[in-house]
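Enquirer: Dumping the structure here so I can ask a few things about it.
The values are calculated or read from the model by the stated rules, or taken from the named source; none is laboratory data. Fair warning: this is a prediction, and the values are worked out from it, not measured in the lab. As a convention, Cβ positions derive from the backbone with ideal geometry for all residues, glycine included, and neighbour counts pool all protein chains shown.
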Amino acid sequence: MVQSNHTEQHTLIALVEDKPGVLTRVASMFRRRGFNIASLAVGNSEQPGLSRMTFVVNGDDHTVSQVAKQLDKLIDVIEVSDITNKSTVTRELALIKVKTNQMTRGEIIQIVNLFRANIIDVGSESMVIEITGEEDKINALHNLLSSFGVIEMLRTGLVAMVRGQTNGLANGHSEQVNSSSNS
């Protein structure tokens, strides 16, 4: 039986003004509503003075829709879109530091090569691996490397883009700094 209001991961993208305090205001809005951000990535957008935020949050459709509406009301937020059900390209970057020695180094290198990952640092007792891909690919590599001993792992958070000629936001390629919902 499929429920229409079940909890799932949602991917939201927001175009925001690139200025101090915006990230704090956005994170505070999520905190006030009791939402945990599972993943957050922020960076420059194609438009000067604007940044693009990618959030992954857990919740049912209605609740996430309400959060997106509240996010869109923040003064520094230009536009918000839930791209969960759209055809997207998603990527995440991870750095994984794993224990190694002369006996295990060759096996680790073979595993890394199978995943088309890169070894970016080699020490006498550890190796740092860089992997880019979807969450499942990163999780699979992490699981295989766990038996050698993962010393440290860092993940960037998901970045996502809608496939095709659209930018994933409801109003398309916005040139204005203040949308009508921010007035």
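Enquirer: Pull up the stretch 151-165, narrow it to residues that are in a loop (DSSP other than H, G, I, E, B) and surrounded by fewer than 15 Cβ atoms within 10 Å (Cβ to Cβ), then point me to the one that is modelled with the lowest pLDDT.
Expert: In this case the residue turns out to be Q165.
Enquirer: Does I111 qualify as being farther than 30 Å from I75 by Cβ, under 23 Å from the mean Cα position of the chain (by Cα), surrounded by 11 or more Cβ atoms within 10 Å (Cβ to Cβ) and modelled with pLDDT of 95 or more?
Expert: no
Enquirer: Also: Suppose we keep only residues that are touching a Ser or Thr at 6+ places or on another chain (Cβ under 7 Å) and among the charged types (D, E, K, R) within the stretch 31-60. Which one would you say is surrounded by the fewest Cβ atoms within 10 Å (Cβ to Cβ)?
Expert: D60
Enquirer: Now, a different point. Counting only residues that are in a helix (DSSP H, G or I) and of a type outside the set (K, R), which one in the stretch 28-39 is nearest to the chain's Cα centre (by Cα)?
Expert: For the stretch 28-39, the residue satisfying everything is F30.
Enquirer: Determine whether the stretch 81-95 contains at least one residue that is buried (at least 19 other Cβ atoms within 10 Å of the Cβ) and within 20 Å of L144 (Cβ to Cβ).
Expert: yes
Enquirer: Let me ask something else. Can you pull out every residue in the stretch 64-88 that is assigned to a helix (DSSP H, G or I) and either touching a residue at least 60 places away in the same chain (Cβ under 8 Å) or farther than 13 Å from L12 by Cα (or both)?
Expert: Scanning the stretch 64-88 gives D72, K73.
Enquirer: I'd like to verify a number: residues in the stretch 89-106 that are without any contact (Cβ under 8 Å) to a residue 40 or more places away in the chain and either under 15 Å from T166 (Cα atoms) or part of a helix (DSSP H, G or I) (or both), how many?
Expert: Residues in the stretch 89-106 being without any contact (Cβ under 8 Å) to a residue 40 or more places away in the chain and either under 15 Å from T166 (Cα atoms) or part of a helix (DSSP H, G or I) (or both): 2 in total.
Enquirer: In the stretch 1-27, how many are at pLDDT 90 or above, in a strand (DSSP E or B) and under 16 Å from Q66 (Cβ atoms)?
Expert: 3
Enquirer: Output the residue which, of all residues in the stretch 40-63 that are over 17 Å from the mean Cα position of the chain (by Cα) and not in a strand (DSSP E or B), is nearest to A27 (Cα to Cα).
Expert: For the stretch 40-63, the residue satisfying everything is T63.
Enquirer: Looking only at residues in the stretch 71-100 that are under 13 Å from the mean Cα position of the chain (by Cα) and among the polar types (S, T, N, Q), which one is nearest to T132 (Cα to Cα)?
Expert: T90
Enquirer: Something else about it: Quick check on the stretch 124-147: of everything there that is assigned to a loop (DSSP other than H, G, I, E, B) and modelled with pLDDT under 95, which residue is farthest from T88 (Cα to Cα)?
Expert: Only one residue fits best here, namely S124.
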